[in-house]
Amino acid sequence: MIKYALFVVMAEQYIDKESLMIIRERLWAVSKEKKITLEDVQDRTGFSYSQVYRIVRGQNNISVSVLIAVCKALELQLSDLFNFKIDIPKYQETRRNY
């Protein structure tokens, strides 16, 4: 009888730390400006306090759904949150142009 081992190699998760830092700084500034505490965000989202802290002050990646929930809790439009420029690299032509 032959036994096979299955190895799954997971790609490292992509995290744009620079953009996440900008987003987190904006979330934190809005919460302070509107006097909405992390506990308020916890109550409004149903997330645990530690999860809210990691979202607003941490360094882990944020899913779009979680970010939308936090923006709703902070009474913040996504367009206001993402009102910043990112560096777009110069890529080679797309495949359809070959």
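The figures follow:
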quantity	calculated
Sulfur and carbon atoms: percent of accessible area, the chain [1.4 Å]	54
Helical contribution to [θ] at 222 nm, DSSP H n ≥ 4, -39,500 (n - 2.57), averaged over the chain, rounded to 500	-14000 deg cm²/dmol
Estimated translational D of the chain in µm²/s (Stokes, Kirkwood radius over Cα pairs; 10 °C; 1.306 mPa s)	99
Solvent-accessible area of R54 with every protein chain in place, 1.4 Å probe, in Å² to the nearest 10	110
Cα long-axis angle, helix 17-33 against the chain (0 to 90 degrees, to the nearest 10)	20
Inter-label distance for T94 and D16, nm, one decimal - labels placed 7 Å from Cα along Cα-to-Cβ	1.8
Whole-Hz couplings from phi, Karplus 6.51/-1.76/1.60, listed for the range 65-72; x for Gly and Pro	4, 5, 4, 4, 4, 5, 4, 4
Heavy-atom surface of the chain, accessible at 1.4 Å and reported per residue (Å²)	86
Label-point separation, E75 to K34 (7 Å along Cα→Cβ), nm	0.7
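The values are calculated or read from the model by the stated rules, or taken from the named source; none is laboratory data. Treat the numbers as computed from the prediction; the structure is a model and nothing was measured. Glycine also receives a Cβ, built like all others from the backbone with ideal geometry; neighbour counts cover every protein chain displayed. In case anyone asks, the SASA skips ligands and DNA or RNA and just uses the protein heavy atoms, side chains included. Shrake-Rupley method; radii C 1.70, N 1.55, O 1.52, S 1.80 Å.
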